[in-house]
Each structure stands twice: as C-alpha cells, then as structure tokens.
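FYI, it's all coordinate maths here, none of it is from the lab. Just so you know, these numbers come straight off a predicted model, no measurement behind them. Here the Cβ positions follow ideal geometry from the backbone for every residue, glycine too, while neighbour counts run over all protein chains shown.
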Ligand code: UTP
C-alpha cells in the first residue's frame, strides 16, 4: 500500500532549549535560512508523501503562517531582481497539502499522535518528529516506507546511541534481517538499569505505523513523566506482531537540544550553495584560535 500521509508532532514545550522556546517554537529554529520544520516537510515530499498533519499547540501559530501564502511579502518581492526569492517564498505553500490540529494539553508524544486519528483513517502513516531534522541524499522516511513495503509491518527509524546515553532514549531488541534492516521484537523507554537495556539501537525521529496504533494509544495509561508514550503503544506492536527497524542513512540533528542546534547550523552551513565556501574559510580560521 502506498503511504501518502505523514504526521508531524510539534506540540512539545521544548524545555531543553529554553529560554529560546518561551515564545518561539523550536520547529521554527532556522538552519542557515530555512526553519527546521520545512526540512522535514521537504523530506516527506521527496518520499512521496502528499498529505501532512502538523500537531501544534498554543503559541505555535507561526508554523501555520510559514506554510501559508504571504500576500504582502509576495507583493513586495515582485520586482525584477527578486524573482528567485519570490518563487522560493511562494513554493513553500505548495509543497504539500499541509493541515494543522492542536494538542490542547501537552500530555506526551503518544497523546499528540492520537490527535491524528481522523486524519489518518485506516491507512499506515509516517510519523516525523518535528524537532528531528535528517539530512541526506535518500530521504530517511522514504527508507522506512520501503521497509514497510518489504515486510508489511510497522517500521521504526533507528540509530546507535552511545551506551552512556541510552538511559535518555528508548532501547530496542533487534535482530539483523539484511543490510541495515532489523527485526524488532521489544523496546523499553529510557532504561534506567543495565538489565533493562536491550541494545544501543534507539528510535530516532521517524516511524511508519499501522492504523491499529490508535486503538492501542487509546488504551495506553500515562507512563514515564506522566505522559502518554508512543513507545508504550509501539512496544505492544513489537511484542505481538513484531516491527521492522531501519538504521537509516542521513545525519540527524536534534533541534530540541543546544548542541544539536549548533551542529546543524555548522554542518548544513558548510554545504550551503550561497555561503558554504565563505563559512568554511571562516571556520578554518576560527578553529586555529581554539585550544
Ligand atoms: P520531545 O520530548 O523531544 O519534545 O518530543 P519536548 O517535549 O518539546 O522536549 P523537552 O524535553 O521539553 O525539551 C518529541 C516530539 O514530540 C513532540 C515534540 O514537539 C517533538 O517533536 N511532542 C512531545 C508533542 O507534540 N506533544 C507532546 O506532548 C510531547
């Protein structure tokens, strides 16, 4: 079945990057000249997604404005020497059929995804975390969609995380199927003891889920931090019918963490067609001043 819908949860409070997120959604933080969430929408579109639901909350209206037309700005840019940037601005609203819904209370990622039940209907769909930008030649979500086509099971996008950091992430029980594809039969959110750690593979930023996940989420009690955890519902799928894990190619930047923000700006910056060369030159000089 062709997967054409994606849900982007973007209703988190972003407490790890306060005070910037007090009134500015982290999903709108720029990487050079484009907000994080536009990279994510573009990744979805490259993978064949046509319909996107972004889950927002109070104070995140500027995400909606970004994907809307901007008549005043467009009028101001409609000059012979501004045609290129005018097209860039206009094209944002044509990327995909983007709609929005609010998560009225911030009760966790699982609770946010539940808001997408009517939008999704009875089809498998992609989930793309709004603060995880993945840069690469082959869109990460497309790699997961291909794995869904191959095995017909829910898919999680994974990466290896350092053992010392695994307590901050989810840990998966995996078995290699071929290449970078694994069978996933169990998972635990934020393991606190060594015994709880199943592997250093963790879900990072992307999944493709069957519509049955909504029924499971409806029955999921608040878990870690008193939030409804998506991992708790996915664990039920992994331990019953099993899931597929894809160690996707591409570099992931966590826009919800201070170091991630800086890494994204530096690494995307050095490859930027307009300022890349100049930035690289500056960086080389700057690095020499470090001890
Ligand atoms: P995170 O845990 O990374 O985001 O959730 P957060 O809650 O904003 O983080 P901190 O700890 O306060 O800094 C992963 C994704 O789920 C969304 C977030 O916006 C992010 O894209 N999310 C999280 C929701 O949409 N609703 C929630 O209730 C929680």
In percent, what relative contact order does the chain have, based on Cα pairs under 8 Å that are 6 or more apart in sequence?
22 percent
quick note, the chain, DSSP beta bridge pairs, % antiparallel (nearest 5) is 60 percent
Taking the chain as the reference, fit the longest principal axis to its C-alpha atoms, fit the long axis of helix 140-151 to the helix C-alpha atoms, and give the angle between the two in degrees, 0 to 90, nearest 10.
30 degrees
Listed peptides 82-88, 116-122 by packing density, highest first (mean Cβ within 10 Å):
116-122, 82-88
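Enter the per residue convex hull volume of region 1-112, computed from alpha-carbon coordinates, in Å³ rounded to the nearest integer.
125 Å³
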What is the fewest-to-most order of 217, 198 by other Cβ atoms lying within 10 Å of their Cβ?
198, 217
Taking Cα atoms only, helix 230-240 is inclined relative to the longest principal axis of the chain by an angle, in degrees rounded to 10, of 40 degrees
Please order 58, 146, 69, 206 by the number of other Cβ within 10 Å, starting at the fewest.
58, 69, 146, 206
Give, in nm to one decimal, the length gained when the segment between residue 137 and residue 150 is fully stretched (0.36 nm per residue of separation minus the Cα-Cα distance).
2.6 nm
Normalised by the residues of region 168-275, what does the relative contact order come to in percent, with Cα pairs under 8 Å and at least six apart?
27 percent
Quick one: length gained pulling residue 16 to residue 176 fully straight, 0.36 nm per residue minus the C-alpha distance?
54.2 nm
What 222 nm value per residue comes from the helices of the chain, counting each DSSP H run with n ≥ 4 as -39,500 (n - 2.57) and dividing by all residues, nearest 500 deg cm²/dmol?
-9500 deg cm²/dmol
Net length gained if the chain between residue 69 and residue 259 were fully extended (0.36 nm per residue, minus Cα distance):
65.1 nm
Bin by bin, in steps of 5 Å, what percent of the Cα pairs in region 39-176 do you find, going until the bin that has the longest distance?
2, 8, 14, 17, 19, 16, 11, 7, 4, 2, 1, 0
Mean shadow area of region 153-291, taken as a quarter of the surface of its Cα convex hull (nm²)
11.6 nm²
If you consider only alpha-carbon coordinates, what radius of gyration and Dmax does the chain have, in Å?
19.5, 65
Longest to shortest principal axis, alpha-carbon extents of region 203-266, angstrom:
42, 28, 17
Under 1.5 on a/c is rounded, so check that first for region 123-170, then, if it is not, pick prolate when a/b is larger than b/c and oblate when it is not; a ≥ b ≥ c are the square roots of the alpha carbon gyration tensor eigenvalues.
prolate
Protection-proxy order for peptides 274-282, 131-139, each taking the mean of Cβ atoms within 10 Å per residue, highest first
131-139, 274-282
Compute the distance in nm between two label points, each set 7 Å from the Cα along the Cα-to-Cβ direction, one at residue 266 and one at residue 62.
2.6 nm
